[in-house]
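Notes follow once the structure below has been shown.
The values are calculated or read from the model by the stated rules, or taken from the named source; none is laboratory data. Just so we're clear, the structure is a prediction, and the values are computed from it rather than from any experiment. In this analysis, Cβ positions are derived from the backbone assuming ideal geometry, glycine residues included, and neighbour counts consider all displayed protein chains. Just so you know, the surface numbers come from the protein's heavy atoms only, side chains and all, with ligands and any DNA or RNA stripped out. Shrake-Rupley method; radii C 1.70, N 1.55, O 1.52, S 1.80 Å.
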Amino acid sequence: MQGMSLQGTDAYRNNDALPVLVRRAVEAARTHGFAYSCRPEQGRLLQVLAAGAPHRVAETGTGCGVGLAWLASGASPATRLISIERDPERARIAADVFHDCDRVEVLQGDWQRIEEYGPYDLLVLDGGGQAKGDGTADPARLLTAGGTVVIDDFTPATTWPPQFNGAPDHSRLHWLQHPGLRAAELRLAADLSVIVGTHLPDS
């Protein structure tokens with residue numbers, strides 16, 4: 001079953017041990033009433049994965065920039081980060097969060113704009129359903145050899161095949177069984193999991 005980061009922004013209450021950029025993005029989300037930020041559990045994973053991305057990172061669904069802030073906090077100073085947000089006002093808010101970060105760029109538009117700048121060492125696809133199972137987000141086009149894709153915001157699977165509304169969860173299976181990836185589901189909390197896949201084009 002798929003989920004969303006409902007009340008993800010609220011998960012940062014009483015959590016002061018955050019990177020500076022993450023605190024800034026969380027405050028922007030609170031100020032503008034955006035509830036669906038990347039949760040801390042996922043943010044910590046993104047921070048770790050970004051540290052292994054030497055050149056280029058992309059994200060879809062910026063929101064107010066919380067997930068992007070985790071990525072930027074983990075990435076090398078030489079790594080370029082790009083995030084795409086469909087909503088013009090949220091794109092403006094997120095861009096302001098990173099106004100002093102030259103290596104971070106927030107673009108407004110459809111998630112498919114990521115194709116303009118790839119391939120990526122790390123690609124994070126948001127939990128709003130974009131690119132999740134329609135075959136459009138092609139690892140062969142979007143990822144470097146050995147690059148990583150993260151598909152976020154699932155509820156943990158308890159059956160095989162994973163179920164959604166009483167039927168096989170084809171969105172999740174699309175990634176877990178993708179022939180161009182070696183993928184696994186990681187449980188980050190009792191109610192939250194992500195799929196992480198590595199692009200191995202010669203496998």
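Odds and ends about this structure:
- Members of region 30-50 that are assigned to a helix (DSSP H, G or I), out of contact with any Cys (no Cβ under 9 Å at 6 or more places or on another chain) and under 14 Å from residue 83 (Cα atoms): 50
- Evaluation of residue 87 against the conditions (1) under 20 Å from residue 66 (Cα atoms); (2) modelled with pLDDT under 90 shows that the sole unmet condition is (2).
- Criterion violated by residue 53 - all others in (1) more than 19 Å from residue 144 (Cα to Cα); (2) in a loop (DSSP other than H, G, I, E, B); (3) modelled with pLDDT of 95 or more; (4) open to solvent by less than 10 Å² (accessible area, probe 1.4 Å) satisfied: (1)
- Cross-chain or 6+ apart pairs with Cβ under 9 Å, region 154-165 first and under 16 Å from residue 196 (Cα atoms), then among the aliphatic types (A, V, I, L, M) and in a strand (DSSP E or B): 154/192; 154/194; 154/195; 155/192; 156/188; 156/189; 156/192
- Inside region 56-101, residues that are closer than 18 Å to residue 126 by Cβ, hydroxyl-bearing (Ser, Thr, Tyr) and in a loop (DSSP other than H, G, I, E, B) make up a count of 1.
- The single condition from (1) closer than 20 Å to residue 99 by Cβ; (2) without any contact (Cβ under 8 Å) to a residue 60 or more places away in the chain that residue 32 fails is (2).
- Residues of region 6-38 satisfying the condition of being surrounded by 23 or more Cβ atoms within 10 Å (Cβ to Cβ) and either at pLDDT below 95 or aromatic (Phe, Trp, Tyr) (or both): 8, 9, 37, 38
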